[in-house]
Amino acid sequence: MTKKTPLVVDVLTLFPGMFKGPFEESLMGRAQQSKLVDVRIHNLRQWSDDERHAKVDDRPFGGGAGMVLQPEPIYRALKSLGALKKTKSKPWVIYLSPQGTVLKQKLAQQLVKRRHLVLICGHYEGIDERVMAWVDEEISIGDFVLTGGELPAMVAWTEPA
Ligand code: SAM
């Protein structure tokens, strides 16, 4: 019998610690122990070019209020995960966004079939618009606005099939 390769989920976040409990307990913990799922949590700050403060936020490129996540650290992160390749097997890049397609069971089932997902968790006023050129799909978990994409990233792909 051939062994199924695990579903790989790379998460880009400013708050890696938020994922500890939910991904270590219950079904998700067991799925990882059984190597059905390989969840890799990455602190986006590791791709910052600001050696002193590992800054990753900036004012929006086209103007506007508040701060957004800079495109450069996200670009470097996606490149290192192979998500900028033009191949069919490249990871599927998702930006969790209140403007995205609202998550339903059918969409969750389609997502897990992709087998390698990269989830970008926004913060502040979101992400720099230039990042959208590298995003394959925007997903919302409902018609409300949260302070960050971490909670959406925990539920978006957890279809048990
Ligand atoms: N004004 C921004 C907008 O409309 O996109 C709000 C940004 S929100 C304060 C910060 C981040 O939280 C977003 O970049 C997104 O990643 C995440 N977020 C907030 N609500 C969400 C939702 N309903 N579904 C998915 N992600 C959400």
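The values are calculated or read from the model by the stated rules, or taken from the named source; none is laboratory data. Just so we're clear, the structure is a prediction, and the values are computed from it rather than from any experiment. Every residue, glycine as well, gets a Cβ built from its backbone with ideal geometry; the counts of neighbours run over all protein chains shown.
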Query raised in the report: free of Cβ contacts under 8 Å to residues at least 60 places away in the same chain, under 19 Å from Tyr124 (Cα atoms) and within 14 Å of the ligand (Cβ to nearest atom), is that true of Tyr75?
Result: no
Report task. Out of Gly122, Gly100, report the one residue that is at negative phi, touching a Phe, Trp or Tyr at 6+ places or on another chain (Cβ under 8 Å) and either crowded, with 21+ Cβ neighbours inside 10 Å or of a type outside the set (Ser, Thr, Tyr) (or both). Result -> Gly122
Query raised in the report: Does Thr87 satisfy the criteria of being within 11 Å of the ligand (Cβ to nearest atom), out of contact with any helix residue (DSSP H, G or I) (no Cβ under 8 Å at 6 or more places or on another chain), in a loop (DSSP other than H, G, I, E, B) and on the phi < 0 side of the Ramachandran plot?
Result: no
Query raised in the report: Residue check, Pro60 against (1) under 21 Å from Ile139 (Cβ atoms); (2) in a loop (DSSP other than H, G, I, E, B), all met but one. Which one?
Result: (1)
Query raised in the report: If you take the residues of segment 125-155 that are surrounded by 15 or more Cβ atoms within 10 Å (Cβ to Cβ), more than 8 Å from the ligand (Cβ to nearest atom) and assigned to a loop (DSSP other than H, G, I, E, B), which of them is modelled with the lowest pLDDT?
Result: Asp128
